[in-house]
Number of protein chains: 4
Amino acid sequence: MNFASDNWAGAAPAVMSALTRHNTGFSPAYGTDPLTAAVAETFNEIFEREVTVYFVATGTAANALSLAAYAKPGGAIFCHRDSHIQVDECNCPEFMTAGGKLVSVAGANGKITPDGLTKAMAAFPDGVVHHGQVATVSISQATESGTVYSLDEIAALKEVCTARSVPLHMDGARFANALATLGCTPAEMTWKSGVDVLSFGATKNGCWCAEAVVFFDPEAARGFEYFRKRGGHLFSKSRFVAAQLEGYFEDGNWLETATHANGMATRLAEGIREAGGRTAWPVEANELFPILKRSQFNALQAAGAMIYEWPAKDLEPDHAPAEDEVCFRMVCSFATPDQDVDAFLKVLAGTV
Amino acid sequence: MNFASDNWAGAAPAVMSALTRHNTGFSPAYGTDPLTAAVAETFNEIFEREVTVYFVATGTAANALSLAAYAKPGGAIFCHRDSHIQVDECNCPEFMTAGGKLVSVAGANGKITPDGLTKAMAAFPDGVVHHGQVATVSISQATESGTVYSLDEIAALKEVCTARSVPLHMDGARFANALATLGCTPAEMTWKSGVDVLSFGATKNGCWCAEAVVFFDPEAARGFEYFRKRGGHLFSKSRFVAAQLEGYFEDGNWLETATHANGMATRLAEGIREAGGRTAWPVEANELFPILKRSQFNALQAAGAMIYEWPAKDLEPDHAPAEDEVCFRMVCSFATPDQDVDAFLKVLAGTV
Amino acid sequence: MNFASDNWAGAAPAVMSALTRHNTGFSPAYGTDPLTAAVAETFNEIFEREVTVYFVATGTAANALSLAAYAKPGGAIFCHRDSHIQVDECNCPEFMTAGGKLVSVAGANGKITPDGLTKAMAAFPDGVVHHGQVATVSISQATESGTVYSLDEIAALKEVCTARSVPLHMDGARFANALATLGCTPAEMTWKSGVDVLSFGATKNGCWCAEAVVFFDPEAARGFEYFRKRGGHLFSKSRFVAAQLEGYFEDGNWLETATHANGMATRLAEGIREAGGRTAWPVEANELFPILKRSQFNALQAAGAMIYEWPAKDLEPDHAPAEDEVCFRMVCSFATPDQDVDAFLKVLAGTV
Amino acid sequence: MNFASDNWAGAAPAVMSALTRHNTGFSPAYGTDPLTAAVAETFNEIFEREVTVYFVATGTAANALSLAAYAKPGGAIFCHRDSHIQVDECNCPEFMTAGGKLVSVAGANGKITPDGLTKAMAAFPDGVVHHGQVATVSISQATESGTVYSLDEIAALKEVCTARSVPLHMDGARFANALATLGCTPAEMTWKSGVDVLSFGATKNGCWCAEAVVFFDPEAARGFEYFRKRGGHLFSKSRFVAAQLEGYFEDGNWLETATHANGMATRLAEGIREAGGRTAWPVEANELFPILKRSQFNALQAAGAMIYEWPAKDLEPDHAPAEDEVCFRMVCSFATPDQDVDAFLKVLAGTV
């Protein structure tokens, strides 16, 4: 019963199989190989337009390099208080942007709001050199709270970006999970809603290490290969990233794995509600943050469930865990077996 | 007949097999998995002492992060004029060291000499703030010219380092090739000769993307994990690097692949000499830089040999290619088949 | 009636006079001149111990370079939400620390509290690489709210620093003003209370541009001259900074100017209370943030008072300006004439 | 007899007088004062066009920030091997450009040549990410060897820049000295010859600390104020820089001081030739590098001349100091009195 994180899994079978398939023979290095070109073409198809795509191998690199491409001296990068770039990347964004400042925007359910963003940006009026200047807005889709921005919500944030002439970055570490939830097209969830640059994550959803930086504005992408190389993020045997992505995309595998993961999370959420529990935030992708009685939590752990307490920081007081309750995080992935969910729910039912 | 580069190959069978073997099940992320711990232990055995080892996935990252660990404001990093960090890493070392200056040291056969190093360092006297301060010395083993430092040569450079109190870094992108040539132990080629930190390369010699930063001074390693993460070089599914290295090391596979590659290069060099050619530098590892008549070069290319002209920059005038000659680079790897060498030499023999 | 800022003044007479006095003759450049040495000796006397002192010329440089000396990869620097380094330095601290993150700590009256600091630091547990690592704590004395930390308050913050093994930095842009208020010795307000490094500001209190970075730990100061020079902050004709400071210190001039400025602020605060107004925060140095009826504010502006509205961000709701009220900032300096205060108070009295 | 450096002097009388004159009263801070605006207008007049000018206070800051404005990831900055940015700025250019690489170009008389530049740039072909990318070319006028580029020489270098689409930076730490030598207009020596951005130095020629970054391309200047502030180089009492420059320019003072300094150097050079000596490079501005018998050198030092040996690195073997000769540097400034030159020459004449 491993619900620790979606990065505790290995590679999905189709991904591993593609990697094995492309292991033989010689191929040009540093991204000049035909497989890389073919997978780049796949991105065009997926996004229904010519995009400029660069492969990297960690989500942190994808995010930080995306932000570097739009960096300004004294630049302020706006993101949710709980976002990965703010909390979990050890200042990689600050470093890659040569000293950018990540400005936290509060907001319910792990999402920033147009109002919150507007207010945060107001502290950086144009032309006041002391405060620095607005540089980028970054949203996570799905969010760190396991929620998903609607297309309207993205578009509304884009309006605020446009008003201040800054680009909109999407951290899509769980892009496929969000996409499966919304049931829209990749194009709709990105450039059609105003996203300028996307960290397209594939690692959590079934690759070993495969991420892509996708620019929808070719002008902004100019010279990005130098940022990537300067960061040490250009692979010599680059086809190993492309091969993973080939396997990831073929036969719609990526949406299938995401749909599976989301489904497991939904089942867990339902079981938790049936057991008298609740979740800290709506369960809209493959992560959930249940709140249960401590006795229930203990029973689940005792039964072998890999679950860990979570500091539920931004919960409204009337929603936060009570004295005898625990909030914890569960993450499902392509590799989460139905049986583990069954087993978990069975133990849980026994605690009621 | 692919002699383009050792990074045009895929992964060696043992490496691919280990990767496949470790693909199932769940494992803690970000380097906290048992496989990573086990492979780290293997490094202790290989180097016959407790070392502090960090896995990354590109040689550029390994080099630049190693240098970052020893960076100083206004720091000068001394390296060969043709070294990878100076010529081929798009300022990643400069960036990761927050503005370090790479100072080129000339020297025959791709190697810096104690005398050349001493002179270069003399431009940075202690306490003269304008010029900056000496920070690190970096050597490549094997070198970019396909040569190998002897243990005595390394030890002699270490003396210069010690005189100025700077650490000695070794770029071991082709560590195994050099080791196979010297026939010494990894310990002898590194800390016993004075190396403080090593970029241990495994990618070129049979992995997909597996490199390690090996510190022989645990004190210098303190906090290095923050440099790695700040650079975006910590992998979530980190066992995929460890798995490659497990396969790389098992049954002495890494030395076998290196020995094979070196042997192919030696055979090529012999054939070239027999055909009336020469090499720009001694052939001591898996790279060679032949100088042949242009007609011979053309015949080889026409026969399908993937070989490309090389600017033989630092050749003494009496050794440089003549008007009707061409210098080109050939690199052998674990994947270079005997048949390709046979075929190449047969074509070459026909040109005499 | 100019109350815009203490940096709208020129240099105090004693400072200008010293600068003129030292204008003739030749003197070694780059800080090696005898006057610089003599003024450095004065710092030893003022702080009653051997200190290591470096002159720079902007407060932003002093702060950012101080923090650079203690920077770590992924480092978190804790400071008040309204501090100058967080709000007014255009990411200079982030840049000079190669990507440090400034973590805002809320707190009443412009001061961080031990409890707030402990909580903020708890988000950066030792050894969790994702979040980065604690690096420095920075307090402003006097604060941006015009208040002053007591010696006990500083010592209490130092305890929190010690518990996490981080140094305590003091931004003393208004050091003399705070010192005049506390009536203690410079030693007591700094190293005796636990301050490790001080940005000693002299510009606002009567110099043209003279600041000093004062290290109380000589070990931490090692190599700082390279940070200063790398930032472009070493002056060739360096005696011009030393000369300002000579004039600043002679005959206790610096405390006299600070006392004058503080006194002007106190008089203004009293007059404001008498006119039915209040101040947003206690008036403890040379700045005040009055809250008056808008009609009063308008009358004062109409009478020529250079005063500007201020966003009173962190005021408790029951203390914030009402609908018909305005909060504004006033800053007094050595150059604020008694007559201007008289005139201001006279206009104000007429509005009651 | 102080010939140590032109930064051993204080401020010229006109500069000091202007500083004193502007010391009284209040003035807006951070470059928004009317005096700053007026002096900026003077720059327009001097350069016969609208320029965008930013004041800083060290030459190192002016240079490094100029280069930062044109920085690219993996950027190569081409400069003379002996240039100040390469040798004397403690990696400030590397740091401010977030890891730029300064590529040394050899060349006689302290000047880079179109041919040398073309060759150096050839190592950075467009689109080859490993080597990085060409970013800027920087020349010093006057050079560190005391020579001056002719207008034709500048224009020829500009052609090479244009061919590779990079801007041309001029380090004008001794701008006035070069101008006085060429007898051309400031416009001719800069934008009319192809200079895109200029570090306009005034410190060495009579200010305390006053430098200006002058952009001839307003588009490139956009946002430069954020670079300046991020570097900690925006002064609060900014009129103190403007005041110096007002005094510097008034009544043609700046050209007069430069002409005086140049004249002193010329007289010294003539006397040296008369005494059987020579100079390492042509004496074209206010610096000279005499080569004399060691006995003559010793006699001069004994007589009180402040002169120091100089490593004459790039001299052709047949021009370098012989065994019994010494090369040393002499710098004249506005403050070098005729009497000192007389005295020096008299001592020298006695050695013949």
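Since every read-out is calculated from the coordinates, none of them should be taken as a lab result. As the structure is a prediction and not an experimental result, all values here were calculated from the model. Here the Cβ positions follow ideal geometry from the backbone for every residue, glycine too, while neighbour counts run over all protein chains shown.
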**Message:** Please find, among residues of chain A, the one with the beta carbon closest to the rotation axis relating it to chain D, distance in whole Å.
**Reply:** A:Ala98, 2
**Fill in**
The answer for A:Cys184, listing residues at least 5 apart or on another chain whose modeled amide H is closer than 5 Å to its amide H, is none
**Request:** Rank A:Thr36, A:Thr279, A:Thr162 by mean-square fluctuation in a GNM of chain A with C-alpha springs under 10 angstrom and give only the top-ranked residue.
**Result:** A:Thr162
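Within 10 Å, at most 14 other Cβ atoms, and a DSSP state outside H, G, I, E, B define an exposed site. Report the longest part of chain B free of exposed trypsin sites (Lys or Arg not before Pro).
That gives B:50-221 as the longest site-free run.
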**Prompt:** Say each of A:Glu50 and C:Thr185 gets a label point 7 Å from the Cα, pointing the same way as Cα to Cβ; how far apart are those two points in nm?
**Reply:** 7.4 nm
**Prompt:** How many Cβ atoms of partner chains, on average, are near each residue of C:124-134 if near means within 10 Å of its Cβ?
**Reply:** 4
**Asked** chain D: longest stretch without exposed GluC sites (Glu not before Pro) (DSSP loop, at most 14 other Cβ within 10 Å), sites themselves excluded?
**Response** D:51-322
**Fill in**
The alpha-carbon center of region C:5-21 and that of region C:300-352 are separated, in whole Å, by 26 Å
**Request:** Quickly work out the D:Asp217-to-A:Leu151 label distance, labels modelled 7 Å from Cα along the C-beta direction, and quote it in nm with one decimal.
**Result:** 4.2 nm
**Reference-scaled alpha-carbon Rg (2.2 N^0.38 Å with N residues) for region D:253-350** = 1.04
**Prompt:** If you find the alpha carbon centre of region D:42-98 and of region B:85-126, how far apart are they in angstrom?
**Reply:** 23 Å
**Asked** ³J(HN,Hα) across region A:115-122 via Karplus (A = 6.51, B = -1.76, C = 1.60, θ = phi - 60°), whole Hz, x for Gly/Pro?
**Response** 5, x, 5, 4, 5, 4, 5, 4
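For the pairs C:Lys111/D:Lys72; A:Lys229/D:Lys229; B:Lys101/B:Lys192; A:Lys101/D:Lys158; C:Lys204/D:Lys204; C:Lys119/C:Lys204, note any where the Cα-Cα span goes beyond 31 Å. Write out the running numbers ahead of the final one.
Details: C:Lys111/D:Lys72 40 Å; A:Lys229/D:Lys229 28 Å; B:Lys101/B:Lys192 28 Å; A:Lys101/D:Lys158 37 Å; C:Lys204/D:Lys204 27 Å; C:Lys119/C:Lys204 33 Å.
Pairs exceeding 31 Å: C:Lys111/D:Lys72; A:Lys101/D:Lys158; C:Lys119/C:Lys204.
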**Prompt:** So which aspartates and glutamates pass the test for D:Lys237, namely a Cα distance under 17 Å, with those fewer than 8 places away in the same chain ruled out?
**Reply:** C:Asp6, C:Asp88, C:Glu89, C:Glu211, D:Asp33, D:Glu211, D:Glu225, D:Glu246
**Request:** Using only the Cα atoms, work out Rg/Rh for region A:159-299, with Rh taken as the Kirkwood radius, to two decimals.
**Result:** 1.06
**Asked** Restricting attention to the alpha-carbon atoms of the protein assembly as shown, what are Rg (one decimal) and Dmax (integer), both in Å?
**Response** 33.3, 110
**Fill in**
The aspartates and glutamates whose Cα lies under 17 Å from the Cα of B:Lys293, excluding any fewer than 8 residues away in the same chain, are B:Glu270, B:Glu274, B:Glu309, B:Asp318, B:Glu323, B:Asp324, B:Glu325
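Counting pairs of alpha carbon atoms under 8 Å apart in space and at least six apart in sequence, what relative contact order in percent does chain B give?
So the answer I get is 24 percent.
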**Item:** Amide H partners (placed H, <5 Å) of C:Thr203, local residues excluded
**Value:** C:Ala210
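Peptide C:240-253: average number of partner chain Cβ atoms within 10 Å per residue?
If you average over the peptide's residues, the count of other-chain Cβ atoms is 1.
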**Complete:** If each part is reduced to its alpha-carbon centroid, region A:234-271 and region D:143-189 end up apart, in Å, by 58 Å
**Asked** Quick one: if the Förster radius is 22 Å, what FRET efficiency do D:Val352 and D:Ala108 give, using the C-beta to C-beta distance and rounding to 0.05?
**Response** 0.15
**Message:** Run the label-point distances for D:Asp251 please: 7 Å along Cα to Cβ, every other copy, nanometres, shortest first.
**Reply:** 3.1, 9.1, 9.2
**Request:** Shielding by partners for C:81-93, please: the mean number of other protein chain Cβ atoms within 10 Å of each residue's Cβ.
**Result:** 6
**Message:** Relative contact order for region B:273-340: what percent, with Cα pairs under 8 Å and sequence separation of 6 or more?
**Reply:** 38 percent
**Request:** Treat each spin label as a single point 7 Å out from the Cα along the C-beta direction, and report the B:Ala343 to C:Ser165 distance in nm.
**Result:** 5.9 nm
**Computed helical MRE - 222 nm, chain C, DSSP H runs ≥ 4 contributing -39500 (n - 2.57), nearest 500** = -11500 deg cm²/dmol
**Fill in**
Under the Karplus relation with 6.51, -1.76 and 1.60 and θ = phi - 60°, whole-Hz ³J(HN,Hα) for region B:168-176, x at Gly and Pro, equal 10, 9, 10, 7, x, 4, 10, 4, 5
